[in-house]
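Right, one structure below, let's go through it.
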Amino acid sequence: MERTGLTRRRALAVAAVGAVPAGCTGAEPDGGGPGGAARTTAADRARRAEAALRRRSAAVSAELLAGYDAALAAHPSLRARLAPLREATARHVTALAPADGAAAGAGGARGARSEGRAPAPGARASSPGPGAPSAGAAAADPGAALAGLAALATRTAAAHTAALDGAPPELARLLASVAAAGAAHAYLLGPGARP
């Protein structure tokens, strides 16, 4: 008896060949394919980690910004010296804030980023750690206020430098620039700089 038509073995071979293209496609654009969920999760984790690092870094710069605001409120005579440094720091806070604008602080950087402007004077982040120079109140003496700002700028630069370790390349470049600017602020506020 001669066999005609499709045998069971041939039918399985045809089914297997037809299934290869679908099985070899990998992850679909929506992450629904094999391994797609893991890749999407890793990408989401990376985005969340970067947003958290941006929030922390923006909060650090917001402390320096609050220090400038306090010094300017207490010593209007320092305006010519501090205003350009304060404005640069406000731009740093805005640049460091996550794309969703959720920076730390009482609405200062958050609302400013969404509207494309620098945070308003008085925008504050969380309070500094123990033993850190306070950004909330300036010393009564202008020289002491400048020294306090210089210490705060040094701390800010060190924090941004430390954050470079886990930062993605684009954010690392930004953090390096902001850290260098913080070091320059510390120098310009120090006793060797011209008033």
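Taken together, the values in this text are just the output of simple stated rules run on the coordinates, not laboratory data. Everything numeric here is computed off the predicted structure, so don't read it as measured data. Here Cβ is always computed from backbone atoms with ideal geometry, including for glycine, and neighbour counts include all displayed protein chains.
Data overview
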{"item": "Approximate spin-label separation Tyr187-Asp100, in nm, with each point projected 7 Å along Cα-to-Cβ", "result": "3.9"}
{"item": "Ala180/Ala140 FRET efficiency (R0 22 Å; Cβ-Cβ; nearest 0.05)", "result": "0.10"}
{"item": "Sum of side-chain charges, His75 neighbourhood, beta-carbon under 15 Å (Lys, Arg +1; Asp, Glu -1)", "result": "+1"}
{"item": "The stretch 48-63 - phi-based ³J(HN,Hα) in whole Hz, Karplus 6.51/-1.76/1.60, Gly and Pro as x", "result": "5, 5, 5, 5, 5, 5, 5, 4, 4, 5, 5, 5, 4, 5, 5, 4"}
